[in-house]
Amino acid sequence: MSYLRMAGQFVVIAALFAAVAAFSDAPVYRQTPRGSAIVMLTFVHSADRKADCRRLTPEEIQKLPPNMRRVTECPRGRRPIYVELDLGGRRVFQASLAPAGIAGDGPSKVYERFVVPAGNHDIAVRMRDTPRTEGFDHERRGTVTLSPDQMFVIDFRPENGDFVFR
Amino acid sequence: MIGAIRGTLRFGFEFIERPFERLFGAQLNPLAQLGALGFFFFWIVTVSGIYLFAFFDTGIERAFESVEYISREQWFHAGVMRSLHRYAADLMVVMITVHLLRQFAYDQYRGVRWFSWFTGLPMIWLLYGSGITGYWLVWDRLAQYVAIVSSELLDRLPIFGEPIARNFISTGTLTSRFFTLMVFMHIAVPLFLLFVMWVHILRISRPKVNPPRMLAAMTLLALIGVSLWKPALSQGHVDLTKAAVEVGLDWFYLPLYPLTDSWGRGGVWVFLGAFSLMIGLMPWLPPLRRARAAQVDLAHCNGCARCSEDCPYEAIRMVRRSDGLPFPTQAQDSASLCTSCGICVGSCPSSTPFRRSEELKTGIDLPDFDLKTLRERTIEAAKALSGPNRVLVFACDHGGGRGVVGAVHLPCVAMTPPSLLDYVLSRDLADGVAIAGCAESACFNRLGIVWTKQRIAAARDPYLRARVPRERIATVWASTLETRRVTAAIAAFVQRIAALPHKKLRSPQAASAAFVQPHTPPVSTEAGSAP
Ligand code: HEM
Ligand code: SF4
Ligand code: SF4
């Protein structure tokens, strides 16, 4: 095999590999427009089950086997959680979050991303996790300044029962 | 419809393969070595991966710094290893894509070949699983993007109770649990890939798993060169308070990630499901209508194992003799592996057309196109030849000679027993024999060209007898695009024969008298294998 031919072969291989290497980290992909930030609403929370408990009547208690008698009956399933989010006074999200699990006894989850321009934003988030149909059980509002590409997270801490802005 | 796509793709491959073959020669042609290159890249990734692992800190806090140390402080060895690791992995994607398209284009995936195709599907998933977990480990901005989009994709499936993507969006909830899992996965998934790579070639005889040394050397050298020219680098430390919205993507491993933004996560899963389903079903879309599998005729099998040696698809096993003949073994053909290529017919020493028997029988034969028919067609085709320089053409159905009028058409040129070439010339059926097969680096039956060459060169049983004048035999290896090259080669061959001194060949007495009684095992010298 002539050296010239070998050189030709090598050049072809090297050129192919160089092209592959070039596409291994370019072109750059931009997920959101420049100058925008992300507001992320996400939490995992179980609706209050106790609120749905019902007092059993004396007759019903009588019917139960003696070792299993109790005063209240609580359904296994949880109720959905109602949540809404306002950005700059505009409702951007509202949903009734169904509980997870086949028996509907798991937590409700939300994971939503909102792309907003960087800058000041009024944020209001409200949530209902009890049987009430009016008003809210948890609420937080505030004004935040978002820098470009910032990831602003709205989370919920069931321990203290309030929303966390991060 | 599928046929039209396949035809177009085949045209494309044949078109680009010619210049490649011209530059590299049939032996080194990378397009004919894709599977072998895949294995080679895998080994490079393995060795470089082990090297990197020695420097890598598997804890989430120090992972990024350890990779930075590899790439900057120790760039002249560990850094090069990192680049080799990345680029060889990228090249595996390139290889797997071209390999898949090529097997499809050349219709080497239907019928009994379904197995290699079907096992290719999990390999695609495993390869991507390996690559994606790998990018995760660097724990840079790209890793952050990969972690979030991957877990968002996984969250779309009803597997995990909590959205795992939450792990990667706020500093408060980040756990290293997932990171440790990724380190484990990045080792386990490639190991599993290697296992499936082994399964993938189980039904292939003499699979090409190592590229020729020259090609391997050039590949490695080129990879090192590219690694020095463009070292693989990280893209800044993870910052969970900032969204990883601008990243330099590896477009080989992550092309679908941007699509989650336009198609949605569900859309990407639908695409992946549809793609996998399509690949999985393709061998039966539509099913190949194939000739019946080869059949062994024990009365004519002496257990020499040549057919089993030559079969390209592991379809023949040698098993204990069952019919009482004084040979230790006999051939056994498996219909579920046989592609009906006929190569075994050409290998069997019993395949000798010199036999006078009405019912020309051999040890292993194709029920739909048996040796007897082959001899009849040869004689017929020879009769139609006239003039002073008669050239009889044996043409493979898959190569450039498939349209040659008056040729003897075969599923593979290696189906012709060498003794048939001897027969044609010594019985003066023709003045020359031309063998027109597939392009050299794209033999439809994998080994047909190699065996044919070796038989003619008397380097492989059954030999073409020494008495057969080699100058009266020509071979032309050409793709279906190169019909003109085939015609030209045959015309040139006719010219060469015309220049030869006229030589009347006579079949020796022994050969023409050879007639094997039923149940008399063939004697190997009759096969034309003796020099
Ligand atoms: C890591 C990836 C892969 C490697 C290393 C690999 C390797 C190989 C090798 C070494 C062969 C034998 C080639 C020969 O000696 O003729 C082969 C054959 C084959 N491969 Fe792959 N392969 C890979 C992926 C795939 C994929 C994704 C597909 C398609 C879905 C595929 C389809 C086939 C088919 C159909 C054959 C059989 C060809 C025939 O019957 O002649 N392979 N592969
Ligand atoms: S016809 Fe081809 S695939 Fe079938 S047994 Fe013979 S050599 Fe093997
Ligand atoms: S005699 Fe023919 S059929 Fe028997 S093992 Fe040898 S090649 Fe195969």
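The values are calculated or read from the model by the stated rules, or taken from the named source; none is laboratory data. Only a predicted model underlies this, so the values are computations on that prediction, with no experimental measurement involved. Please note: Cβ atoms are built from the backbone with ideal geometry, for glycine as well, and neighbour counts cover all protein chains shown. To get the accessible areas, we keep the full protein, side chains included, count just its heavy atoms, and leave off ligands, DNA and RNA. Shrake-Rupley method; radii C 1.70, N 1.55, O 1.52, S 1.80 Å.
Tabulated values for the structure
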quantity	calculated
Calculated FRET efficiency for the pair B:F192/B:R290, C-beta based, R₀ 45 Å, to 0.05	0.90
Per-residue average of Cβ from other chains inside 10 Å of B:223-233	4
Protein-protein interface of region A:99-113, residues with accessible area decrease of at least 50 Å², isolated chain reference, 1.4 Å probe	A:K109, A:Y111
At R0 = 60 Å, FRET efficiency that the Cβ-Cβ distance of B:F76 and A:R55 yields, to 0.05	0.20
List B:W229, B:W263, ordered by accessible area with a 1.4 Å probe, largest first	B:W229, B:W263
Phi-based couplings in Hz for region A:115-123 (Karplus 6.51, -1.76, 1.60; Gly and Pro marked x)	8, 10, x, 5, x, 7, 9, 8, 10
Shape category assigned to chain A from the gyration tensor of Cα positions, a/c cut at 1.5	oblate
Relative contact order (%) - chain A, alpha-carbon pairs under 8 angstrom, separation at least six	26
Accessible area (Å², 1.4 Å probe, nearest 10) - B:R390	40
Residue-level accessible surface for B:M81, protein heavy atoms, 1.4 Å, Å²	40
Angle in degrees between helix B:34-55 and the longest Cα principal axis of chain B, rounded to the nearest 10	30
Of all DSSP beta bridges in the protein assembly as shown, antiparallel share, percent nearest 5	75
Accessible surface, 1.4 Å probe, highest first, among residues B:V413, B:V98	B:V98, B:V413
Accessible area expressed per residue, region A:81-148, with surrounding protein chains retained (probe 1.4 Å, Å²)	51
Distant-in-sequence amide H partners of A:A100 (H built 1.01 Å from N, under 5 Å)	A:G106, A:S108
Angle in degrees between helix B:259-281 and the longest Cα principal axis of chain B, rounded to the nearest 10	20
Beta bridges per DSSP with both ends in chain B, % antiparallel, nearest 5	40
B:V199/B:R470 FRET efficiency (R0 41 Å; Cβ-Cβ; nearest 0.05)	0.45
Principal-axis tilt of helix A:3-22 within chain A, Cα atoms, nearest 10 degrees	30
Accessible area (Å², 1.4 Å probe, nearest 10) - A:S46	40
B:Q27-B:A4 pseudo-label distance in nm [points 7 Å out on the Cα-to-Cβ vector]	4.3
Gyration tensor (alpha-carbon) shape descriptor, region B:211-315, a/c threshold 1.5	oblate
Where A meets B: accessible area buried, both sides, 1.4 Å probe, Å²	4000
Residue-normalised accessible area of region B:295-511, expressed per residue, 1.4 Å probe, Å²	40
For a label point 7 Å along the Cα-to-beta-carbon line of A:V115, residues of region A:1-37 with backbone N under 19 Å	A:27-37
Dipole magnitude of chain B about its Cα centre (Cβ charges: Lys, Arg +1; Asp, Glu -1), debye to nearest 20	1880
Percent RCO, i.e. relative contact order, over chain B, from Cα pairs under 8 Å lying at least 6 residues apart	14
Projected label distance in nm at B:T46 and B:L220, using a 7 Å step from Cα toward the beta-carbon	1.4
Portion, in percent, of the accessible area of the protein assembly as shown that falls on carbon or sulfur, probe 1.4 Å	61
Per-residue mean of C-beta atoms belonging to partner chains within 10 Å, peptide B:436-446	0
Heavy-atom accessible area order for B:W114, B:W477, B:W198, B:W43, largest first, 1.4 Å probe	B:W198, B:W43, B:W114, B:W477
Cα gyration tensor category, rounded, prolate or oblate, for chain B with a/c compared to 1.5	prolate
Built amide H within the under 5 Å cut-off of B:D297, gap 5+	B:I364, B:D365
Debye intensity ratio in log₁₀ form over the Cα atoms of the protein assembly as shown, taken at each q of 0.10, 0.12 Å⁻¹	-1.00, -1.25
